[in-house]
Structures are given as C-alpha cells and as structure tokens.
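Below is one structure; the comments refer to it alone.
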C-alpha cells in the first residue's frame with residue numbers, strides 16, 4: 001500500500017495555465033498521474049494539452065471527481081487558493097509554492113483544520129508527494145524513485161529527498177510513498193502525521209526521516225517514534241549552520257539555543273533512530289535495515 | 001529582516017503604539033542638534049542588531065550638549081560583538097516607575113501565535129521564565145480570531161499587571177501591538193522594557209521587530225531593506241537573485257537546494273574544512289545561474305577552493321555538466337573547483353566533466369570524497385582550513401556520535 005495518494009487519485013492543478021503549473025502538471029501526467037483538471041477563472045473552457053480548465057476548484061471537482069488539488073499559484077494567491085480547494089471538498093491540498101507569508105500560512109492551516117477537518121494540507125514550499133509507479137504530484141523527478149518497496153520517506157528538504165530516493169533506487173530498495181512536508185514555519189502536514197500514516201501502512205516497513213534546523217518538528221517526531229513498531233532512520237541537515245541566519249528555507253533557522261541540528265540528532269538518537277552523518281550514509285543505513293527484514 | 005531599534009520604534013509608532021520621540025543620526029553634531037530639539041535629558045543608544053549593547057557602553061544618558069557630544073563620540077564607531085555602530089538613536093529620557101515585558105511571535109510547534117507578557121521587564125525574559133515559571137503569562141492566539149478584548153484583559157490579570165495606572169491603556173497598547181504583529185506581517189514584535197513612567201504613561205522603551213521577507217510584496221519596506229545587507233558578498237548575491245548566506249570559512253559552496261547546500265557545509269566541516277558561504281542556486285544548474293554563482297563565490301577574498309555540489313533530478317546530468325562547463329567559459333575563476341554531480345544520468349554528466357578535468361577542475365562521485373578533495377586543496381593554498389597529510393579532526397562543529405544502530 002501507499003499513503004496519501006495512489007493510482008486512483010485524481011488531481012486538479014490550481015495554476016495549471018502558468019509556466020510552472022503547466023510544466024510540472026504535464027510531467028506528472030506523463031508519469032501516469034491522473035491529472036484531470038486545471039483551474040483559472042479567466043481561462044475556463046480552454047484546455048492545457050487536453051487537460052480541461054475550469055473557473056473554480058468546485059466546478060473541476062464536480063465535473064471530474066478530483067480528490068486532490070495541487071497548487072502552483074504565486075505566493076500572494078496561495079491563501080485564497082487553499083481555502084477554495086478546501087471549500088470544494090478535496091481531501092488533500094498540496095502547496096508547492098515557495099514564499100507564502102508566515103501569517104498566511106498560519107491562517108490557512110488554522111482555517112483548514114477548524115472549518116474543513118476532512119481536508120489535509122501538505123506544504124507550502126514542498127516538493128509534493130510521490131507513490132512511485134502510481135502517482136506523482138509535484139516537482140519530484142519520478143525517474144529517480146522506485147515503487148513497491150518497503151521504505152516510506154518523509155522530509156523537510158527537496159534535494160535531500162531526491163538524493164535519498166536516488167540512492168535507495170540505485171541500491172535496489174523501493175519506496176511506498178515519499179512525502180515532502182516542506183521547509184516553511186507552518187507546515188500543513190508534520191513529521192508526526194506522516195509517521196502515523198506510515199506506521200498504519202503494512203507495506204511500509206522502514207521509515208526514512210530527513211530533517212533540518214529550525215523549530216522542533218524532529219524532536220516531536222522523536223517522541224512519537226517511541227510508540228512505533230516500524231524502524232526509523234534519520235538525517236538532519238545544518239549541524240554547522242550559524243545562529244540566527246535563515247538557510248534558504250523560511251523555517252531553517254536556529255533561534256538562540258533552539259532548533260539546532262545537534263539537539264534534533266540527539267533527540268532522535270535517544271528514541272532509537274539510526275541517524276546518518278551525511279545523506280548517503282543515511283541511505284546506506286536504510287538499505288541495511290531493509291536487508292535485515 | 002531584523003529591524004534596528006529605531007526602525008522598530010518607527011514601525012510600532014506608525015501603528016499607534018506609544019514610543020519615545022527620537023531621531024536616528026550618524027554624526028556627533030547631529031546628535032547634539034537632535035538632543036536640543038528633543039530637550040534634555042536624552043538617551044543616546046547605539047543602533048546594532050545584537051544584544052548586550054548596554055553592557056558594552058552603547059547606551060548613555062546626556063544632560064547637556066557637552067555630554068551628548070561626548071556620548072556620540074564614544075558610541076559612534078564603537079564595535080559591539082563584531083558589529084560596528086554606524087548610527088545612534090537619540091530619545092527623550094524618562095523617569096521610569098516600572099519595567100514590563102511583552103512579545104508576540106509564532107509558536108511553530110502549536111502552529112499558532114504566542115503572546116508573552118510579564119511584570120518583570122528590562123531583563124532577559126528567558127532567564128525570568130526559567131527562574132520563576134509563573135512570572136511570564138503565555139497566551140496562544142488563534143490566527144483567524146486574533147486577540148480579543150476579553151482575552152487581553154484576562155492575560156493582563158494573569159500576568160499580575162492589573163496594578164498599572166490604567167489597565168485600559170495597557171489593553172489598548174497590547175491590542176495595537178498585536179495589530180502591528182499580525183497586520184504588519186512581523187515574525188517577532190518584542191517590547192522589553194515596556195515602561196510605566198513616573199507620570200503614569202505607558203511607553204515602548206525598546207523595540208525588537210523582525211519582518212517576514214515573504215510578505216514584502218504587500219508592504220512598503222524599501223527604506224528598511226535599504227539598511228539591511230551589511231555583507232558585501234550578500235549584497236552582490238542578492239543583486240543576482242541568489243539565495244546566499246555569508247560564512248567565515250575558505251571553501252566556497254554552490255549547491256542546488258537549501259537542504260543540500262546545508263548538508264554540503266556540514267560535510268565540509270566534518271572532513272576538517274570550513275565553508276565560506278551557503279548558496280542555493282535552485283533546481284537544475286542552468287549555465288547563466290551557475291556563472292552568476294561562481295562569480296559571487298569567486299569574488300570572496302577568503303575563498304581558496306569552490307565546491308559545486310549538484311543533484312540532477314529533472315535536469316539531467318549531462319545538461320548540468322554542460323551548464324557548469326559553459327559557466328566556466330564565461331567567468332574567470334581564480335580558485336580550483338571540485339564538482340560532485342549525482343542524480344539522473346550522473347555518469348553521462350561526469351563523462352562530460354572528465355573531458356575538462358585538470359588541476360583546476362576536479363570531479364568526484366560522492367559528497368564526502370568531493371569535500372575531502374576541496375578541503376585538501378584549500379589547505380594547500382596555505383589557508384587555515386585543515387592541513388595536508390593530517391587526518392581531519394572532529395572540530396567543535398563536528399557531529400556527535402549518537403543515534404547509530406548498535
């Protein structure tokens with residue numbers, strides 16, 4: 001099994017008519033994802049290489065049965081786009097867009113969790129989610145992933161995730177689902193959410209968790225790992241990061257003594273998580289655990 | 001972006017929060033003129049974005065023109081924890097009856113906002129919270145509902161602040177601060193101390209404000225932004241649209257992806273080197289972006305070797321390699337370059353790089369191997385970034401040996 005998305009998932013792309021949305025939406029379709037609709041109020045009735053464009057997510061859902069929305073609209077429009085998708089009743093809203101203001105992130109998370117409890121938000125500023133061989137939503141290169149495997153991946157960083165997927169695939173280790181939760185301060189879906197989903201998935205027999213400096217999501221994950229039967233392998237980036245500097249991602253910042261990589265690695269270590277010294281070593285550790293299954 | 005105190009006060013004042021009248025100036029005579037306009041006594045405060053300026057002598061009271069001139073002379077140009085004082089803020093001095101504390105920020109774990117209010121201001125609030133846990137009243141604030149009047153009154157009473165001369169005035173000030181934080185797109189608004197003057201007035205005597213750069217599109221923050229970049233390298237990188245953070249080491253870093261760039265810095269320090277910067281060039285490795293990145297890193301006088309770490313996903317290895325080679329043709333690079341290329345079609349990419357390989361351009365298949373090669377080259381150039389023939393030591397930034405499966 002997979003988590004969040006599979007071959008039956010139908011996806012509507014908000015921002016399909018923009019350059020990024022078009023590029024990745026069509027790539028996702030070429031991968032095999034059921035890309036059933038796009039939205040743009042000014043281009044309703046047109047299509048993008050055969051994908052029909054609707055004025056609203058509501059209309060797209062009604063006409064196509066889409067259950068997931070993927071958002072590529074520019075940052076100022078993300079908050080209303082998320083509320084529109086949640087209001088249309090989709091189960092999962094994946095926000096790829098980077099640079100969404102922090103107060104908008106807090107508002108959209110609060111609104112979705114209070115008014116639309118059946119909708120899950122993933123992102124913003126995330127690469128999306130891929131269940132290899134079945135469904136790829138977002139900007140991950142599908143070629144580097146391999147399906148039907150025992151490994152579930154959850155990560156705050158895009159390229160480090162790609163690195164992990166690539167190395168596991170090269171080592172012949174497949175993945176169930178790989179979830180990018182994004183590097184922003186208010187993620188819609190957390191490490192703990194994904195660990196719980198992977199724990200409940202009988203096919204995911206090892207979880208790889210890729211964290212970075214800032215916040216306390218890794219520490220919360222470490223606490224949760226204690227209740228899991230599935231083994232977890234980890235990696236945390238930013239051991240040498242200076243205090244008070246934002247390292248690319250809006251959420252990747254050590255504030256005073258809080259949010260350091262060292263504290264996260266120690267918390268994960270105490271919880272029995274094997275933590276790699278670099279991304280490649282973490283992938284090797286995963287392969288070792290898989291070999292011992 | 002972190003505002004200077006004077007900008008923070010201007011920001012808060014523009015949203016109706018009472019702050020002392022004052023002027024930001026950058027030479028001693030202007031300090032005297034400002035003080036005379038404001039009326040003595042005044043306080044002359046160093047404008048640096050680092051704590052501990054009071055202890056460093058960066059805050060002085062002046063009761064006449066001579067003292068103001070002397071204070072300005074002493075403070076302007078002063079070095080406070082590596083920050084040179086270029087400007088001072090001159091404000092009216094107040095007789096203080098009590099010092100309190102208030103801040104608003106995001107509680108990332110709770111994914112909502114957090115207000116902290118305490119009767120014990122003017123000191124390090126984390127120390128206060130550690131010593132007397134009950135002394136800081138914490139309030140979670142819903143991002144949609146905001147801070148209600150009733151909530152605010154209860155908060156004031158929990159913090160035992162109902163002995164201020166006017167609770168109504170305090171509640172109004174807190175409401176305005178909340179608006180400044182939420183409508184103003186701040187990531188942090190901290191007033192420490194929030195004082196009650198001898199005359200019974202409430203005044204924000206200090207202001208620490210961090211604005212959310214991602215929200216700049218809906219505000220007029222150009223004046224603030226103009227005073228931001230202190231680092232020449234960061235200005236140059238920003239002008240080229242690159243995600244760059246200047247560090248102190250000798251190995252210039254270019255990577256695609258923030259996580260990979262951070263990880264590259266870690267691996268360099270693991271093998272005994274020090275990174276000169278964080279630089280994320282985003283997806284793929286287009287020749288023009290790579291050329292701009294190489295230019296910025298190469299212009300850093302401390303850099304003695306450049307480590308290019310690229311993972312090709314959608315952009316295939318051969319395109320990445322061609323991009324790197326094309327970039328090298330466009331800019332004159334003085335430092336040797338070590339490239340680690342991995343991902344889709346990495347082998348094809350490495351073949352292209354191999355054709356250009358020399359003492360100035362090395363290619364290594366793994367991150368750790370490439371980091372070792374880079375650190376060795378940096379050491380050979382005579383800079384203190386590890387020594388050739390010496391096993392890389394686990395430095396203070398090294399990795400604790402935790403979390404390994406037995």
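Just so it is clear, none of the values below were taken in a lab; they were calculated from the coordinates. Source: prediction; values computed, not measured. Please note: Cβ atoms are built from the backbone with ideal geometry, for glycine as well, and neighbour counts cover all protein chains shown.
Size descriptors for the range A:1-72 (Cα atoms only): Rg and Dmax, in that order, 11.2, 39 Å. Summary of the geometry: the range B:329-352 and the range A:1-64, compared by the centres of their Cα atoms, lie 36 Å apart. One way to sum up the overall shape of the range A:161-285 is the equivalent ellipsoid from its Cα gyration tensor, whose semi-axes run 23, 16, 14 Å, largest first. Once Rh for the range B:21-92 is found with the Kirkwood sum over Cα pairs, what is the Stokes-Einstein diffusion coefficient at 20 °C and 1.002 mPa s, in µm²/s? So the translational diffusion coefficient is about 186 µm²/s. Here the translational diffusion coefficient of the protein assembly as shown follows from Stokes-Einstein with Rh set to the Kirkwood radius across Cα pairs; for 25 °C and 0.890 mPa s it amounts to 91 µm²/s. Take each residue of peptide A:277-287, count the partner chain Cβ atoms within 10 Å of its Cβ, and average: the result is 4. Sorted on the mean count of surrounding Cβ atoms within 10 Å across their residues, most packed first, peptides B:181-191, B:232-242, B:301-311 read B:301-311, B:181-191, B:232-242. Cβ crowding within 10 Å, taken as a proxy for footprinting-reagent exposure, orders B:148, B:214, A:157 from fewest neighbours to most as B:148, B:214, A:157. Fully extending the segment from residue B:169 to residue B:288 would add 37.2 nm, taking 0.36 nm per residue of separation and subtracting the current Cα-Cα distance. Each peptide in A:51-61, A:146-156 was scored by the mean count of other Cβ atoms within 10 Å over its residues; highest first, the order is A:146-156, A:51-61. Computed from the C-beta positions of residue A:270 and residue B:109, the FRET efficiency with R₀ = 22 Å rounds to 0.75.
Neighbour counts of C-beta atoms inside 10 Å place A:70, A:194, B:112, A:126 in the sequence B:112, A:194, A:126, A:70, starting with the fewest. Using C-alpha pairs below 8 Å separated by at least 6 residues, the relative contact order for the range A:10-122 is 23 percent. Packing around the peptides B:318-331, B:49-62, A:203-216, B:68-81, taken as the average count of other Cβ atoms within 10 Å per residue, puts them in this order, highest first: A:203-216, B:318-331, B:68-81, B:49-62.
Could you give the angle, 0 to 90 degrees to the nearest 10, between helix B:5-14's Cα long axis and the longest principal axis of the Cα atoms of chain B? It works out to around 60 degrees. Shielding by partners for peptide A:245-256, expressed as the average number of C-beta atoms from other protein chains within 10 Å of each residue's C-beta, is 5. Under the definition of Cα pairs under 8 Å and six or more residues apart, what whole-number percent is the relative contact order of chain B? Worked out over chain B, it gives 12 percent.
DSSP beta bridges fully contained in the protein assembly as shown are about 50 percent antiparallel.
Mind checking the log10 I(q)/I(0) for the range B:6-148 at q = 0.10, 0.17 Å⁻¹? Debye, one equal scatterer per Cα, no solvent, two decimals. Listed by q, the Debye log ratios stand at -0.45, -1.03. Working from Cα pairs under 8 Å separated by at least six residues, relative contact order for the range A:140-291 is 25 percent. Just need log10 I(q)/I(0) for chain B at q = 0.07, 0.10 Å⁻¹, Debye formula, equal scatterers on the alpha-carbon atoms, no solvent, rounded to two decimals. Ignoring solvent entirely, the Cα scatterers give -0.47, -0.84. As an equivalent ellipsoid, chain A spans semi-axes of 31, 22, 16 angstrom, where each value is the square root of five times an eigenvalue of the C-alpha gyration tensor, largest first. Among B:259, B:246, B:312, the largest mean-square fluctuation in a Gaussian network model of chain B, built with springs joining Cα atoms closer than 10 Å, belongs to B:259.
Look at the stretch B:328-337: the mean tally of other chain Cβ atoms within 10 Å of its residues' Cβ atoms is 0. Rounded to the nearest 10 degrees, the angle from helix B:258-270 to the longest Cα principal axis of chain B is 70 degrees. Rounded to the nearest 10 degrees, the inclination of helix B:167-182 to the longest alpha-carbon principal axis of chain B is 20 degrees. Directionally averaged projected area (the range A:10-122, Cα convex hull): 6.2 nm².
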